[in-house]
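Student: Encoded as structure tokens, here's the structure I'll be asking about.
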Amino acid sequence: MTGEESLRPQSLMLTFLGDQVLGRDVCVYSGSVIDVFARAGIGEQATRSTLTRMVNRDLLRRQREGRRMYFGLTERSEAVLRDGKRRIWQTGAVNRHWDGTWTLLGFSLPESWQRQRHDLRSQLTWSGFGPLFNGLWIAPGEVDVSALVAELGLSAHVKVFRAHADAGMDIGQMIEETWELSDLAGRYEAFGRRWQPWEDELPHPDDGLVLRLRLQTEWLRIVRRDPRLPVKHLPDDWPAEQAEKTFRAVHERLSPLARDASERLLDLVPARPQA
């Protein structure tokens with residue numbers, strides 16, 4: 001399945017908001033969003049449903065101007081979007097500055113707590129952890145999971161430590177046994193194959209904005225799945241660095257077209273303070 005086929009409207013919407021609304025103190029007209037998403041192959045009904053769901057989840061707020069409805073960010077969506085921006089532009093895909101620290105998390109849950117166990121494992125995977133053993137998970141660096149564990153109501157069942165590997169430990173082998181490296185490498189390689197042609201090609205001016213939205217959405221989805229393992233313990237041909245170069249080159253190439261398209265297509269108004 002290609003990235004284009006599998007992008008969810010909400011993921012694309014968050015990229016759009018981070019790209020066009022975050023940090024500008026503005027709201028965007030619903031008709032503008034529908035127009036942009038139609039160019040991405042997403043129908044009006046799906047776009048309207050996505051906007052409504054995001055309002056219900058406190059990721060968007062409505063602002064009426066005459067007969068038009070505009071949408072702006074909430075504190076919750078601003079935090080999500082700032083985190084995504086940091087993950088793309090500051091943290092990056094290649095961990096060259098690891099200091100040897102690992103975060104170890106042990107948990108013991110009653111057998112009947114299958115849902116809680118599933119939720120905890122899902123959240124740990126999202127936070128960069130891998131299963132060292134059944135109830136012992138590990139992540140590179142210092143990872144603060146206190147809020148995550150508290151939100152799941154599992155603080156009494158989880159213990160967290162900082163650790164360093166013994167001098168004789170084969171960290172590379174441990175990484176291969178704990179994380180699905182082949183799956184992650186395949187995602188980076190597929191991203192590179194899909195986007196490299198755009199390093200030398202330019203799309204139609206009206207397509208620049210949508211292409212850049214797709215580019216960012218696909219890239220963020222990959223790097224969010226990446227636990228950022230120390231590069232010195234990864235295979236020599238690890239493809240993240242080349243994929244990141246492709247991402248940055250294509251983003252830079254598309255940006256002038258995307259800016260021009262957004263100025264033509266988007267109706268923005270200043271965000272009013274919420275009552």
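Student: Working carefully through the options Asp207, Asp183, find the one that is open to solvent by 40 Å² or more (accessible area, probe 1.4 Å) and touching a residue at least 60 places away in the same chain (Cβ under 8 Å).
Tutor: Answer to the check: Asp207.
Student: If I filter region 133-148 down to residues being open to solvent by 80 Å² or more (accessible area, probe 1.4 Å) and assigned to a loop (DSSP other than H, G, I, E, B), which single residue comes out as nearest to Pro110 (Cα to Cα)?
Tutor: So the residue we want is Asn134.
Student: If you check Asp83, Asp25, which single one turns out to be under 30 Å from Pro239 (Cβ atoms), among the acidic types (Asp, Glu) and outside the structural domain of Pro205 (by the TED database)?
Tutor: Residue meeting the stated conditions: Asp83.
Student: Of the residues Glu180, Glu176, Glu151, Glu189, which is of a type in the set (Asp, Glu) and at pLDDT 95 or above?
Tutor: Residue meeting the stated conditions: Glu189.
Student: Oh, and also: It is to be established whether one or more residues within region 59-72 are at pLDDT 95 or above, part of a helix (DSSP H, G or I) and either closer than 16 Å to Arg221 by Cβ or open to solvent by 50 Å² or more (accessible area, probe 1.4 Å) (or both).
Tutor: No, region 59-72 contains no residue that is at pLDDT 95 or above, part of a helix (DSSP H, G or I) and either closer than 16 Å to Arg221 by Cβ or open to solvent by 50 Å² or more (accessible area, probe 1.4 Å) (or both).
Student: Looking only at residues that are in contact with a helix residue (DSSP H, G or I) (Cβ under 7 Å, 6 or more places away or on another chain) and open to solvent by 30 Å² or more (accessible area, probe 1.4 Å) in region 149-180, which one is farthest from Gly92 (Cα to Cα)?
Tutor: Only one residue fits best here, namely Ser155.
Student: While we're here: Would you tally the residues in region 102-132 being out of contact with any helix residue (DSSP H, G or I) (no Cβ under 8 Å at 6 or more places or on another chain), crowded, with 19+ Cβ neighbours inside 10 Å and in a strand (DSSP E or B)?
Tutor: Total satisfying the criteria: 2.
Student: Go through the residues of region 89-101 one by one and say whether even a single one is in a helix (DSSP H, G or I), of a type outside the set (Ser, Thr, Tyr), within 22 Å of Ala261 (Cβ to Cβ) and open to solvent by less than 20 Å² (accessible area, probe 1.4 Å).
Tutor: Among the residues of region 89-101, not one is in a helix (DSSP H, G or I), of a type outside the set (Ser, Thr, Tyr), within 22 Å of Ala261 (Cβ to Cβ) and open to solvent by less than 20 Å² (accessible area, probe 1.4 Å), which makes the answer no.
Student: Taking the conditions exactly as written (over 16 Å from Leu265 (Cα atoms) and part of a strand (DSSP E or B)), does Arg24 satisfy them or not?
Tutor: Against the criterion (over 16 Å from Leu265 (Cα atoms) and part of a strand (DSSP E or B)), Arg24 does not qualify.
The values are calculated or read from the model by the stated rules, or taken from the named source; none is laboratory data. The model shown is predicted, which means the values in this text are computed figures rather than measured ones. Positions of Cβ are backbone-derived with ideal geometry, glycine not excepted, and every protein chain shown enters the neighbour counts. We work out accessible area using only protein heavy atoms, side chains counted, and drop any ligands, DNA or RNA first. Shrake-Rupley method; radii C 1.70, N 1.55, O 1.52, S 1.80 Å.
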